[in-house]
Amino acid sequence: QVQLVESGGGLVQAGGSLRLSCAASGRTFSSYIMGWFRQAPGKEREFVATVSWSGGRTYYADSVRGRFTISRDNAGNTVYLQMNSLKPEDTAVYYCAAKLSGSYYYYTTGNEYDYWGQGTQVTVSS
């Protein structure tokens, strides 16, 4: 059982940066693979990034690789998404998700995750 609460979203100009946080509650937080997804108006939810339970393995969508960085602090029960060089195409509601560790190091499909945060809006102006 994991409960997730996102924060850090807002309005930024193209080229700017934002740092999203996801605070997790639950005694088994360190056993979960964590991921970030986003959904723009009229679009399907898409994978952004994921990090393993230890924080040693990460994977990114091609659209954000080199610009975004995912990390986690198990002691603080927090997952972060540092977003740099933001583009208008990054505008979306960003969701934090959790999945109990399975057979693979990362998962990129939303249906594979069981726990979700409420989402935080990120808007990038041109």
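The values are calculated or read from the model by the stated rules, or taken from the named source; none is laboratory data. What you see is a predicted model, and the numbers here were worked out from it, not measured in a lab. Every residue, glycine among them, receives a Cβ derived from its backbone with ideal geometry; neighbour counts consider all protein chains shown. Just the protein is used for accessible areas: all its heavy atoms, side chains included, with ligands, DNA and RNA removed. Shrake-Rupley method; radii C 1.70, N 1.55, O 1.52, S 1.80 Å.
Screening L86 on (1) among the aliphatic types (A, V, I, L, M); (2) exposed (fewer than 15 other Cβ atoms within 10 Å of the Cβ); (3) assigned to a loop (DSSP other than H, G, I, E, B) shows it passes everything except condition (2).
Just one residue in the set R57, R27 is basic (K, R), closer than 21 Å to Y104 by Cβ, at pLDDT below 95 and surrounded by fewer than 17 Cβ atoms within 10 Å (Cβ to Cβ); that residue is R57.
Does R72 meet the test of being open to solvent by 60 Å² or more (accessible area, probe 1.4 Å) and either over 19 Å from Y107 (Cβ atoms) or of a type in the set (D, E, K, R) (or both)? Quick ask: steps written out before the conclusion?
Values: open to solvent by 60 Å² or more (accessible area, probe 1.4 Å): no; either over 19 Å from Y107 (Cβ atoms) or of a type in the set (D, E, K, R) (or both): yes.
No: the conditions fail for R72.
It is to be established whether one or more residues within segment 52-65 are among the aliphatic types (A, V, I, L, M) and within 17 Å of V5 (Cα to Cα). No - not one qualifying residue is present in segment 52-65.
Listed residues V122, V79; which is open to solvent by less than 60 Å² (accessible area, probe 1.4 Å), closer than 22 Å to G10 by Cβ and modelled with pLDDT of 95 or more? It would help to see each step written out before you state the result.
Working: V79 fails: modelled with pLDDT of 95 or more.
Going through V122, V79 in turn, just one is open to solvent by less than 60 Å² (accessible area, probe 1.4 Å), closer than 22 Å to G10 by Cβ and modelled with pLDDT of 95 or more: V122.
Of all residues in segment 102-126 being part of a loop (DSSP other than H, G, I, E, B) and aromatic (F, W, Y), which is nearest to S7 (Cα to Cα)? Once the filter is applied, the top-ranked residue is Y113. Considered as a group, the residues in segment 7-24 that are under 15 Å from D73 (Cβ atoms) and touching a Ser or Thr at 6+ places or on another chain (Cβ under 8 Å) include one that is surrounded by the fewest Cβ atoms within 10 Å (Cβ to Cβ), and that residue is S7.
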